[in-house]
Amino acid sequence: MKCIVCGNNDAYKFGLCTDCLSDKIKLKTSKMEITECPKCGSIKINKKWYYNNIEGVVKKQATANISADNSSSIRIINYSMNDKKMNIDLIVDDKNLGEIKKETDMDIKLIDESCPVCNRVTGSYYEAIIQLRTFTTEYDDILNSARDSIVSYIKSLNKNNPNSFISRIEKKKEGLDIFLGRKEDAVKIDKNLEDVYFMNLKITKSLAGRKDGKDMFRYTHLIRILDLLKGSIIYDKNYYMVKSISSNNIELLSVDRKGTVNLNSKNFFRKPFSVIYKLPVMEKFIVLSSDSGETQIMNSENFNIMSIKGKFENKEIVLYKYNGNYFNI
Ligand SMILES: [Zn+2]
Ligand SMILES: [Zn+2]
């Protein structure tokens, strides 16, 4: 059956085609003002800035600017806009005709204004600094991996809180300074790093000024990450070889073979250890034979043969060398 009004299209409802049904709905729109941040795309409506679900906020506001006689609800499906007009696809629930699709243009006034968050970022605002340093005080690649995890963590926080951001990262000879928009994020970063690295943390605060009659503080989190390796040699009254490092324990072998020492980071960083060799000396050996707890091995570089205590499953082993002695750690 053809439409009873236009006679061209197939009838859809009440003998009318969808076009003619749509014509029966008269919409009224009023001009809408939207403020948009040109840097991040967040929007301001009625003096409040919205950083998330911008599409939903715009739809809601636009809906409030559209009315139709005899309708119980208006629902915006899609919109697109330039700085003067907004083109809207919507569904009007008409009390007599039911749900009818419509398309309309609405006048808008788009204002560019930098949002408070972008103002903070570009103004190098910060509340806390993470100072990433190493135990040996020399720059080490371990700082780069710590930085990468901090950057991706702050990015994930930023999705829910626009005030979580890194305003800048300064690379120094001895480490990295990471400037954070929120002091609370620095505390979370400390926890994350402590789970991964054997490290020491020191927090200091300094007066940054006054705001609304209150003292404003900036917090510096000095993080020293242990950058030693298995086989590194350190000294504090005795010489020690590093056997293993985890986030909460370091195992040290006294090279005078007086057994091993386990220290947590608190006790380790309290002691005045000095670094003798950071880079371990390692040599490869081929296992020749093994009996009654003694194993014959041959140096794969100079073919010297020697015997050491213990049994080995592997055909090739690595021993750590210090002061002419070999250590199986
Ligand atoms: Zn028609
Ligand atoms: Zn912005």
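Readers should treat all values here as calculations from the given coordinates under stated rules, not as data from a laboratory. If you're wondering where the values come from, they're calculated on a predicted model, not measured in any experiment. Cβ coordinates were reconstructed from backbone atoms using ideal geometry, including for glycine residues, and neighbour counts include every protein chain displayed.
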Cα gyration tensor shape for the stretch 32-112, rounded if a/c is under 1.5, else prolate or oblate: prolate
Order of L319, L226, L110, L252 under a 10 Å beta carbon neighbour criterion, fewest first: L110, L319, L226, L252
What full-extension length gain, to one decimal in nm, is calculated for N267 and N52 as 0.36 nm per residue of separation minus the Cα-Cα distance? 72.9 nm
Magnitude of the Cβ-charge dipole of the chain, K/R +1 and D/E -1, about the Cα centre, nearest 20 debye? 1060 debye
Prolate/oblate/rounded label for the stretch 228-279 (Cα gyration tensor, a/c 1.5): rounded
Let's see if you can work this out: charge +1 on each Lys and Arg Cβ, -1 on each Asp and Glu Cβ, no other charges. What is the dipole magnitude of the stretch 228-279 about its Cα centre, in debye to the nearest 20? 60 debye
Over the stretch 280-329, volume per residue of the alpha carbon convex hull, in Å³: 73 Å³
Roughly how big is the stretch 280-329's charge dipole about its Cα centre, with Cβ charges of +1 (Lys, Arg) and -1 (Asp, Glu), in debye to the nearest 20? 80 debye
Given the Cα-Cα distance of N78 and N249 and 0.36 nm per residue of separation, how much length would full extension add, in nm? 55.9 nm
Find how many whole Å separate the alpha carbon centroid of the stretch 26-84 from the alpha carbon centroid of the stretch 154-214. 36 Å
How big is Rg to Rh over the chain, alpha-carbon atoms, Rh as the Kirkwood inverse-mean-distance radius? 1.30
